[in-house]
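**Student:** One structure, pasted below without further comment.
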Amino acid sequence: MSKPAPKAIDPSQIPELSRAIVSKVKFPVLATVDGDQPRVRPVSPVRTEGFTVYVANLKSYHKTQEIAQNAKVELCYIDEDHNQLRITGVAEIVKDRSLLEDIWKSNKLLQHYLGSVDNPELVVYKIDPHRVRFMVEWALHYHEVPLG
């Protein structure tokens with residue numbers, strides 16, 4: 001069986017290709033650490049600004065404890081062609097009331113399940129990117145994506 005050959009890409013296209021993956025992949029995988037055990041799960045971002053991603057959560061979910069112990073996280077987006085985008089960053093709880101209300105107003109699912117932006121179970125994390133990497137399927141090499 002022959003080894004698959006990755007598609008060649010122009011390095012100047014990497015930022016655009018990376019933004020396209022974030023735009024079209026609706027359920028990236030979030031990685032956290034639980035003690036010495038990695039944990040991953042799909043998430044549904046409630047807002048994205050470039051490579052800054054906001055994720056809603058419930059206080060009673062275990063990942064809340066994991067992020068409180070170690071706020072370093074990684075999101076992995078994989079598109080239908082198996083291209084990958086990895087966003088490595090730090091999760092912080094959003095406390096800005098106007099931002100929370102804006103996210104709340106734009107998300108019918110949150111409204112339906114939680115009833116109020118003041119629901120004490122609601123936690124919204126802002127994942128501040130420190131590193132973004134892109135890989136074309138089968139390339140086995142990540143390209144650094146400029147954050148700015």
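The values are calculated or read from the model by the stated rules, or taken from the named source; none is laboratory data. Note that the coordinates shown come from a computational prediction; the quantities given were computed from them, not determined experimentally. Note that we place each Cβ from the backbone using ideal geometry, even for glycine, and neighbour counts take in every protein chain shown.
**Student:** In this structure, does Trp104 turn out to be of a type in the set (Phe, Trp, Tyr) and in contact with a His (Cβ under 8 Å, 6 or more places away or on another chain)?
**Tutor:** Values: of a type in the set (Phe, Trp, Tyr): yes; in contact with a His (Cβ under 8 Å, 6 or more places away or on another chain): no.
When the stated conditions are applied, Trp104 does not pass them.
**Student:** When you look at Lys26, is it farther than 19 Å from Ile93 by Cα, among the charged types (D, E, K, R), touching an Asp or Glu at 6+ places or on another chain (Cβ under 8 Å) and assigned to a loop (DSSP other than H, G, I, E, B), yes or no?
**Tutor:** Working: farther than 19 Å from Ile93 by Cα: yes; among the charged types (D, E, K, R): yes; touching an Asp or Glu at 6+ places or on another chain (Cβ under 8 Å): no; assigned to a loop (DSSP other than H, G, I, E, B): yes.
No; evaluated as a whole, the condition is false for this residue.
**Student:** I've got another one for you. Which one is farthest from the chain's Cα centre (by Cα), of the residues in the stretch 41-59 that are surrounded by 12 or more Cβ atoms within 10 Å (Cβ to Cβ), part of a strand (DSSP E or B) and not polar (S, T, N, Q)?
**Tutor:** Leu58
**Student:** Further question: I'd like to know if the stretch 72-81 contains one or more residues that are exposed (fewer than 12 other Cβ atoms within 10 Å of the Cβ) and more than 16 Å from Met135 (Cα to Cα).
**Tutor:** No; the residues of the stretch 72-81 include none that is exposed (fewer than 12 other Cβ atoms within 10 Å of the Cβ) and more than 16 Å from Met135 (Cα to Cα).
**Student:** Identify all residues within the stretch 107-128 that are buried (at least 17 other Cβ atoms within 10 Å of the Cβ) and part of a strand (DSSP E or B); write none if there are none.
**Tutor:** Within the stretch 107-128, Leu122, Val123, Val124, Tyr125, Lys126, Ile127 meet the criteria.
**Student:** Given the criteria charged (D, E, K, R), over 12 Å from Lys126 (Cβ atoms), buried (at least 16 other Cβ atoms within 10 Å of the Cβ) and modelled with pLDDT of 95 or more, does Glu66 qualify? Even if it seems obvious, please write down each step before you answer.
**Tutor:** Values: charged (D, E, K, R): yes; over 12 Å from Lys126 (Cβ atoms): yes; buried (at least 16 other Cβ atoms within 10 Å of the Cβ): yes; modelled with pLDDT of 95 or more: yes.
It is true that Glu66 is charged (D, E, K, R), over 12 Å from Lys126 (Cβ atoms), buried (at least 16 other Cβ atoms within 10 Å of the Cβ) and modelled with pLDDT of 95 or more.
**Student:** Report yes if Ile87 is hydrophobic (A, V, I, L, M, F, W, C) and under 14 Å from Thr32 (Cβ atoms), otherwise no. Show your work before the answer.
**Tutor:** Details: hydrophobic (A, V, I, L, M, F, W, C): yes; under 14 Å from Thr32 (Cβ atoms): yes.
It is true that Ile87 is hydrophobic (A, V, I, L, M, F, W, C) and under 14 Å from Thr32 (Cβ atoms).
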